[in-house]
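Since the structure comes first, as structure tokens, the remarks are kept for the end.
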Amino acid sequence: MEQHSDASSSSLLILAQVDHASGDIIATVIDRICDLGAKNVHIVPSLTKKGRPGYLLFLDLPASLLDEVSTVLAIELGVLGLRVLMNEHRPFPFLGTEQAVTIDLGGAEVNVNVPVKLVSTPRGPVPASVEHDFCVRLQRELRDEHGVEISLQVLKASIL
């Protein structure tokens, strides 16, 4: 098992307000910012003081990207300023491992090795998450190879 921690002291949390931009343009800009190396991007719909709809963008990115991301926001979304928020990221140590899981298909069983993340606690490792992309691939495999349709929500719950 490999232990991971994503601590980074050179990370910034940026807050930017976006007005007068359509969802498809915002989505394209977010893709571009992620391609540049942003760690996380969150978009929250908002209503401005003048009653106009808008969005709040929360960007978690390396400090080295601030100027480049600011330029993209200004040119593509008309952002005229942003806030650099004081923050402290406290990552939880986790273990990346595989867990053997048996999935009951109603008469047949499928054994699968599932990549999971276990969060370290004083009482030992506790299952925290399974990657969504893995579950999508497994769902497709179960449908294509076994003719069984399982919702992603049920599939994830049966793994953890």
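Annotation: per residue accessible area for the chain equals 66 Å², rounded to a whole number [probe 1.4 Å, protein chains only]. Charged side chains reduced to their Cβ positions (Lys and Arg at +1, Asp and Glu at -1) give the chain a dipole of some 760 debye around its Cα centre.
Of all the options Leu80, Leu66, Leu13, the one that moves most in a Gaussian network model of the chain with Cα springs shorter than 10 angstrom is Leu80.
Computing FRET efficiency as 1/(1 + (r/R0)^6) for Asn111 and Lys49, where r is the C-beta to C-beta distance and R0 is 41 Å, gives about 0.10. Using 19 Å as the cut-off for backbone N distance, which residues of the range 43-68 belong to the label zone defined by a point 7 Å from the Cα of His20 along Cα→Cβ? Residues passing the 19 Å test: 46-57. Subtracting the Cα-Cα distance of Val154 and Ser120 from 0.36 nm times their residue separation leaves 9.7 nm of extension gain. Each distinct pair of alpha carbons in the range 19-160 adds a 1/r term; the inverse of their mean, the Kirkwood radius, is 18.9 Å.
Please report the net charge: other residues with Cβ closer than 14 Å to the Cβ of Ile33, K and R +1, D and E -1. Each step should come with its number before you reach the end.
Working: positive: Arg32, Lys39; negative: Asp31, Asp35, Asp60, Asp67, Glu68, Glu76.
My count for the surroundings of Ile33 gives -4.
Across the range 140-155, computed HN-Hα scalar couplings (Karplus, 6.51 cos²θ - 1.76 cosθ + 1.60, θ = phi - 60°) run 5, 4, 5, 5, 6, 8, 10, x, 10, 9, 10, 5, 4, 4, 5, 4 Hz from first to last residue, x flagging Gly and Pro. Per the Cα gyration tensor, the range 1-95 maps to an equivalent ellipsoid with semi-axes of 27, 14, 13 Å, ordered largest to smallest.
Considering the dipole of the chain built from charges on the beta carbon (Lys and Arg +1, Asp and Glu -1) around the Cα centre, which of Gly106, His146, Pro122 is farthest to its positive end? Of the candidates, Pro122 comes out farthest on the positive side. Between His42 and Glu68, the modelled labels are 2.5 nm apart [label points 7 Å from Cα along Cα→Cβ].
The values are calculated or read from the model by the stated rules, or taken from the named source; none is laboratory data. Here the structure is a predicted model, which means the values were calculated and not measured. So basically every Cβ, Gly included, is an ideal-geometry build from the backbone, and we count neighbours across all protein chains shown. Side chains included, ligands, DNA and RNA excluded: accessible areas come from the protein's heavy atoms. Shrake-Rupley method; radii C 1.70, N 1.55, O 1.52, S 1.80 Å.
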